[in-house]
Amino acid sequence: MSKALLELLKKQFPADVLDTHSQHGDETALVYAQRWREIAQFLRDDPRADMDMLVDLTAVDYPDREPRFEVVAHFLSLGKGHRLRLKARVGDAEGDGAEIDTICDLWASANWAERECFDMFGVVFRGHPDLRRILLYPEFEGHPLRRDYPAERIQPLVPYREVPNIDKLAPFTRDEGMAFGRQTHDRQRDDEDLN
Amino acid sequence: MGELTTPSTQIIEPGEGAGFATTRFEDILAWAQKYSLFMYPFVTACCGMEFMAVSSPRYDFSRFGSEAPRFSPRQSDLLWVVGTITQRQAPILRRIYEQMAEPKWVLAFGTCASCGGFYDNYACVAGIDKIIPCDVYVPGCPPRPEAVLDGLLLLQDKIQRGDRRPATVKPRLDPVTDPNLGLVQLRRSRPSRPPV
């Protein structure tokens, strides 16, 4: 489809495009995080690329890798009808130093996408005009889509009612409600049931 | 609708003329309360579509006296919590509940409001009873309108009896105990093809 686009990118930025592939017909380029913004701007402004739409921008957490996060952006050219996926790797093993330049002055739709990415993964977008949490509340600590965020950790804004057995209130018996939920996997209680 | 048939009621002079009946004050008060449930719909998610179905003419829960929606908690008696409650919405729900005047009742509509459902994660409250006391749970994802009507009638029954213990709507037909239900029939093998 748009393999010519990958060739163009490699020709234009020979030192900055680390890897490319076209699996399942989706052209993907892995680039240096330091050159993220320049490459994105080239893709928008060059008439051969003409990427006038940012479809999505998010991140993926690979806890075993270094750098740990992969920021992913999907571009679409409405005029030429081709797409490109751009990736860049940021952050060390603890998730610190995950910083990358903002592209929300190039595509306005990147504004909220970058805020969501910051909210969920803690990736900081340098130069973003308003980098606040967008989905979660300001009191929330940590970034829930990081793989090291504990799956059962909740941060309630209002204290739960002070009644006994708040996890499973009447009329639900121990077998009812949250049947496939995490709360039912109480090893000690399961052993009691077996005996 | 609306007959007062509690054990304490006695019709002294029945017939065509102007008779009278005796009853207890609590009973007639509960009778008035259960047929005039002003509702506050706290609709947050997809169960809202089913709520609209129950309130629209085909199922029409205004037959049971819970007709008037009041979008001010100060004027409402019954809080319908319809849909998923996130941690971010929990303070709002708590405040709505606290603004309602006594006597007040809460109905958890759907699995998410009842116990969180599969939203067992960082963002959601696993059941509104973690925050506010709840009177009737209507499970289902979403519950069928019949189940919602069952829940409403269950609540009315509880109001008449003065019972404030929480209750849940049970399925009318239990696939475990009723072998004639479709779930079991699905396991039967198909009739074999007739010989050519």
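The values are calculated or read from the model by the stated rules, or taken from the named source; none is laboratory data. Since the structure is predicted, the reported quantities are computational estimates derived from the model, not experimental observations. Note: ideal-geometry Cβ built from the backbone for every residue, glycine included; neighbour counts use all protein chains shown.
Conditions (1) under 14 Å from the mean Cα position of the chain (by Cα); (2) more than 10 Å from chain B (Cβ to nearest Cβ); (3) modelled with pLDDT under 70; (4) within 30 Å of B:Leu154 (Cα to Cα), marked per residue:
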position	(1), (2), (3), (4)
A:Phe121	yes, yes, no, no
A:Phe125	yes, yes, no, no
A:Asp130	no, yes, no, no
A:Leu135	yes, no, no, no
A:Asn195	no, yes, yes, no
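Select from segment B:118-133 the residues that are within 8 Å of chain A (Cβ to nearest Cβ) and within 28 Å of B:Glu102 (Cα to Cα) and write down the one among them that is surrounded by the fewest Cβ atoms within 10 Å (Cβ to Cβ).
Once the filter is applied, the top-ranked residue is B:Pro133.
Have a look at B:Arg88, B:Arg63, B:Arg58 and point out the one that is at negative phi, assigned by TED's automatic domain parsing to the domain that holds B:Ser114, part of a helix (DSSP H, G or I) and not acidic (Asp, Glu). Break it down stepwise before answering.
Working: B:Arg88 fails: part of a helix (DSSP H, G or I); B:Arg58 fails: part of a helix (DSSP H, G or I).
Step by step, each of B:Arg88, B:Arg63, B:Arg58 is checked, and only B:Arg63 is at negative phi, assigned by TED's automatic domain parsing to the domain that holds B:Ser114, part of a helix (DSSP H, G or I) and not acidic (Asp, Glu).
Here is a check on your reading of the model: is B:Lys104 within 14 Å of chain A (Cβ to nearest Cβ), over 10 Å from the mean Cα position of the chain (by Cα) and within 13 Å of B:Leu37 (Cβ to Cβ)?
Numbers: within 14 Å of chain A (Cβ to nearest Cβ): no; over 10 Å from the mean Cα position of the chain (by Cα): yes; within 13 Å of B:Leu37 (Cβ to Cβ): yes.
Answer is no for this residue.
Between a first residue in segment B:40-65 that is farther than 22 Å from B:Thr86 by Cβ and a second residue that is small (Gly, Ala, Ser), which pairs have beta carbons less than 7 Å apart while being 6 or more apart in sequence or on different chains?
Close Cβ pairs satisfying both conditions: B:Tyr59/B:Ala53; B:Phe61/B:Ser55; B:Gly65/B:Ser36.
Just to be sure before I move on: is B:Pro171 modelled with pLDDT under 90, part of a loop (DSSP other than H, G, I, E, B) and over 16 Å from the mean Cα position of the chain (by Cα) in the structure I sent? Let's see the steps before the verdict.
Values: modelled with pLDDT under 90: yes; part of a loop (DSSP other than H, G, I, E, B): yes; over 16 Å from the mean Cα position of the chain (by Cα): no.
The answer is no for B:Pro171.
Among what's in segment A:57-88 and is assigned to a strand (DSSP E or B) and over 17 Å from the mean Cα position of the chain (by Cα), pick the residue that is nearest to A:Gln34 (Cα to Cα). Walk me through it before giving the result.
Taking segment A:57-88 first, the residues assigned to a strand (DSSP E or B) are A:57-61, A:69-76, A:83-88.
If we keep only those that are over 17 Å from the mean Cα position of the chain (by Cα) too, we end up with A:76, A:83-84.
On the way: A:Leu76: 22, A:Arg83: 22, A:Leu84: 19 Å.
Applying the filter and picking the extreme gives A:Leu84.
Among (1) modelled with pLDDT of 95 or more; (2) in contact with a Phe, Trp or Tyr (Cβ under 6 Å, 6 or more places away or on another chain), there is one condition A:Val72 misses while meeting the rest; what is its number?
(2)
Please count how many residues of segment A:99-150 are part of a loop (DSSP other than H, G, I, E, B), among the hydrophobic types (A, V, I, L, M, F, W, C) and within 27 Å of A:Met53 (Cα to Cα).
11
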